[in-house]
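Right, one structure below, let's go through it.
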Amino acid sequence: MSGGGSQTLILAGVCISLQHRPLFPPLNLTVHPGEVVTVMGPSGCGKSTLLSYVCGTLAPAFQAEGAVRLGGRDLAGLPLERRRVGILFQDALLFPHLSVAENLAFGLPSGLSRRERQRRVADALLDAELAGLGGRDPAMLSGGQRARVALLRTLLSEPEALVLDEPFSRLDAGLRARMRTFIFEHARQCGLPTLLVTHDSADAQAAGGPVITLGASAAD
């Protein structure tokens with residue numbers, strides 16, 4: 001599985017405010033290809049809001065300053081679909097009306113031949129240890145299987161960076177450990193700079209990269 005990696009994610013002087021009150025001091029951060037940087041801090045300190053700014057989905061109530069650059073591209077003003085930033089949330093957001101294979105195919109870039117699309121989906125199913133389950137309803141998968149499909153669908157879209165917003169928080173302990181390994185190994189293999197938001201220090205330890213702690217403030 002290859003992504004669109006080998007790019008560097010740079011946050012330069014990023015500061016986000018709510019009602020003109022900064023959520024955290026200006027943040028300068030460089031995330032190298034294949035590196036996972038963990039963002040921690042108490043609820044309300046702006047962790048998820050920071051990810052929203054990186055993704056281009058910051059709510060209008062917030063004011064933001066500072067630059068976000070990915071592979072030398074300034075992402076200012078670009079909509080989510082043009083940023084090439086892949087996102088994983090707490091819930092594996094799969095389309096219930098599509099099969100597992102169709103969910104994976106949804107992430108593929110346009111312009112591929114039918115045969116190439118089928119090959120990439122088949123490779124992804126094999127990578128997720130779901131070979132033979134492409135026709136299954138996502139509701140019939142286990143939590144870990146759904147999480148793997150969500151990650152592989154994201155990677156099939158060929159992102160240049162990943163943001164992970166508490167993607168392990170609803171998994172039991174054993175599954176959580178396996179999913180950490182699965183996601184972090186894929187991020188490194190694809191050379192994707194990755195930002196992880198979590199409350200769990202074990203997530204940060206497994207990520208193995210720098211840890212940024214934001215202070216408490218108005219909103220998350």
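The values are calculated or read from the model by the stated rules, or taken from the named source; none is laboratory data. Bear in mind the structure is a predicted one, so any value in this text is a computation, not a measurement. Please note: Cβ atoms are built from the backbone with ideal geometry, for glycine as well, and neighbour counts cover all protein chains shown.
Of the set (1) modelled with pLDDT of 85 or more; (2) over 25 Å from VAL68 (Cα atoms); (3) surrounded by fewer than 20 Cβ atoms within 10 Å (Cβ to Cβ), all apply to GLU185 but (2). Within segment 125-143, the residues that satisfy the criterion of being more than 22 Å from GLN90 (Cβ to Cβ) and either in the same structural domain as ARG176 (by TED's automatic domain parsing) or assigned to a helix (DSSP H, G or I) (or both) are LEU125, LEU126, ASP127.
Specify the residue that is surrounded by the fewest Cβ atoms within 10 Å (Cβ to Cβ); the eligible residues are those in segment 84-103 that are aliphatic (A, V, I, L, M) and within 29 Å of GLY72 (Cα to Cα).
Among those residues, the one meeting the criterion is ILE87.
Of the set (1) under 20 Å from VAL85 (Cα atoms); (2) at pLDDT 90 or above; (3) in contact with a Lys or Arg (Cβ under 6 Å, 6 or more places away or on another chain), all apply to PRO193 but (3). State all residues of segment 37-93 that are without any contact (Cβ under 8 Å) to a residue 24 or more places away in the chain and either of a type in the set (Asp, Glu) or closer than 27 Å to GLN205 by Cα (or both); if no residue qualifies, say none. Of everything in segment 37-93, those that are without any contact (Cβ under 8 Å) to a residue 24 or more places away in the chain and either of a type in the set (Asp, Glu) or closer than 27 Å to GLN205 by Cα (or both) turn out to be SER52, ASP74, GLU81.
Scanning for something over 16 Å from the mean Cα position of the chain (by Cα) and surrounded by 20 or more Cβ atoms within 10 Å (Cβ to Cβ), does segment 42-57 turn up at least one residue? The answer is yes, given that some residue of segment 42-57 is over 16 Å from the mean Cα position of the chain (by Cα) and surrounded by 20 or more Cβ atoms within 10 Å (Cβ to Cβ).
Looking at (1) farther than 24 Å from THR57 by Cβ; (2) surrounded by fewer than 21 Cβ atoms within 10 Å (Cβ to Cβ), find the lone condition where ARG146 falls short. Checking ARG146 against (1) farther than 24 Å from THR57 by Cβ; (2) surrounded by fewer than 21 Cβ atoms within 10 Å (Cβ to Cβ), the one that fails is (1). Note on segment 87-101: residues that are in contact with a Lys or Arg (Cβ under 7 Å, 6 or more places away or on another chain) and either at positive phi or at pLDDT 90 or above (or both) total 2. On the stretch given as segment 151-173, residues that are surrounded by fewer than 20 Cβ atoms within 10 Å (Cβ to Cβ), assigned to a loop (DSSP other than H, G, I, E, B) and free of Cβ contacts under 8 Å to residues at least 60 places away in the same chain total 2. Which pairs do you get when a residue that is in a helix (DSSP H, G or I), found in segment 100-114, comes within reach of a residue that is charged (D, E, K, R) and surrounded by 11 or more Cβ atoms within 10 Å (Cβ to Cβ), reach meaning Cβ atoms under 7 angstrom, with the pair 6+ apart or on two chains? If the second residue must be charged (D, E, K, R) and surrounded by 11 or more Cβ atoms within 10 Å (Cβ to Cβ), the pairs left are VAL100/ARG136; ASN103/ARG153; LEU104/ARG153; ALA105/ARG117; PHE106/ARG153.
Do you know which of the residues in segment 57-85 that are in a strand (DSSP E or B) and of a type in the set (Asp, Glu) is nearest to ARG153 (Cα to Cα)? Full working, then the answer.
At the first step, the residues of segment 57-85 found to be in a strand (DSSP E or B) are 62-70, 73-74, 85.
The next check asks that each one be of a type in the set (Asp, Glu); those that pass are 65, 74.
On the way: GLU65: 31, ASP74: 25 Å.
Ranking the qualifying residues of segment 57-85, first place goes to ASP74.
Taking the stated definitions as given, is ARG148 touching a Phe, Trp or Tyr at 6+ places or on another chain (Cβ under 9 Å), at pLDDT 85 or above and in a helix (DSSP H, G or I)? Criteria not met by ARG148. Using the structure shown, decide if LEU104 is aliphatic (A, V, I, L, M) and assigned by TED's automatic domain parsing to the domain that holds THR198. For LEU104, the condition - aliphatic (A, V, I, L, M) and assigned by TED's automatic domain parsing to the domain that holds THR198 - is not met. You will find that of LEU51, LEU108, the residue that is out of contact with any helix residue (DSSP H, G or I) (no Cβ under 9 Å at 6 or more places or on another chain), within 18 Å of ALA150 (Cβ to Cβ) and not polar (S, T, N, Q) is LEU51 and no other.
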